[in-house]
Amino acid sequence: MEKEKKKEFPEENEILLCTVNRTVGPSVFITLDDYNKEGVIPFSEVAPGRIRNIRDYIKIGQKIVCKVLRVDELKGHVDLSLRRVTKKEKKEVVTAHKRAKEALVMLGLTTNKTRAEQLAKTINEKLGKLGLAILLQELTEIKSEESLSKLKTFGFSQEEAKNFLDIISEKIKEKKVIVKTKISLSSKASDGIEKIKKVFETAKPEKKVPLKISYLGAPNYLITLEGKNYKEANKNLKELCSKITTKAKELHCDIEIKEK
């Protein structure tokens, strides 16, 4: 299989983990951690409104999540925004980097340092940046036989693959993830309270997933779901929100799904 050519620059709208380097005039210079390139955030893209003291928002050496606005490869310029990153996007990027570090540690426990680095390099070359995080996620969702075969495509020996899977199983078998979203649900009908109850009673997920609906004060509610991983939990949450929205519209209730 031909190796994927490593990108030297990010794409527009890509969400990245960055490190703050310095401020010069009305600009913040940062390092793009996944590309080892420098980018710039104008103060206007750090936060809305006038910024009197940039240290109230970011500090030198701080890890931040940014959105790519423009890329000029000829000039080597990358313009970014901090304020345009949603909470969900920030959480996903931070989680992916955390999982990549966890996978690298697990690789180190599987074999010697040199071999672990070699395997990590192959994985990232084939799967792209954060390839270790992608692989770790996939391995938690497929059967062990498929996992062994998959690892061998990255150059793992039978013994290395088995050891790696054993370590993954031991490290993450008890882990659970929790996803949440806030919704606004109301009805102007005389029996509005009963309609709202019906929305929640009839829109529960078919699968047996840990679910909690909390009342935050009219018209807001908090939906909390638990899952084995973020992909599964977010999928179940999306399906639940879709069912709730459909039922609410049937009963002529006003509904808004707010940011997770």
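The values are calculated or read from the model by the stated rules, or taken from the named source; none is laboratory data. Just so we're clear, the structure is a prediction, and the values are computed from it rather than from any experiment. Positions of Cβ are generated from backbone atoms using ideal geometry, with glycine treated the same way; all protein chains shown enter the neighbour counts.
Summary of computed values
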{"read-out": "Residues of region 23-59 classified as in a strand (DSSP E or B) and of a type in the set (A, V, I, L, M), total", "value": "6"}
{"read-out": "In region 210-260, residue modelled with the lowest pLDDT [restricted to those that are of a type in the set (Gly, Ala, Ser), surrounded by 15 or more Cβ atoms within 10 Å (Cβ to Cβ) and not in a strand (DSSP E or B)]", "value": "233"}
{"read-out": "Residue within region 96-112 that is of a type in the set (A, V, I, L, M, F, W, C), within 30 Å of residue 257 (Cβ to Cβ) and either touching a Pro at 6+ places or on another chain (Cβ under 6 Å) or not assigned by TED's automatic domain parsing to the domain that holds residue 167 (or both) present", "value": "no"}
{"read-out": "Count - residues of region 123-142 that are surrounded by fewer than 16 Cβ atoms within 10 Å (Cβ to Cβ), under 19 Å from residue 158 (Cα atoms) and not acidic (Asp, Glu)", "value": "1"}
{"read-out": "Subset of region 83-137 that is β-branched (Val, Ile, Thr) and outside any helix (DSSP H, G or I) - its residue that is nearest to residue 232 (Cα to Cα)", "value": "86"}
{"read-out": "Sole residue being in contact with a Gly (Cβ under 6 Å, 6 or more places away or on another chain) and either outside the structural domain of residue 248 (by TED's automatic domain parsing) or of a type outside the set (S, T, N, Q) (or both), chosen from 163, 124", "value": "124"}
{"read-out": "Considering residues of region 143-157 that are of a type in the set (D, E, K, R) and part of a helix (DSSP H, G or I) only, the residue surrounded by the fewest Cβ atoms within 10 Å (Cβ to Cβ)", "value": "145"}
{"read-out": "Scan of region 68-82 for residues that are assigned to a strand (DSSP E or B) and surrounded by 14 or more Cβ atoms within 10 Å (Cβ to Cβ), ordered by number", "value": "68, 69, 71, 77, 78, 79, 80, 81"}
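For (1) under 29 Å from residue 233 (Cβ atoms); (2) exposed (fewer than 13 other Cβ atoms within 10 Å of the Cβ), each residue gets a yes or a no:
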position	(1), (2)
23	no, no
26	no, yes
56	no, yes
66	yes, no
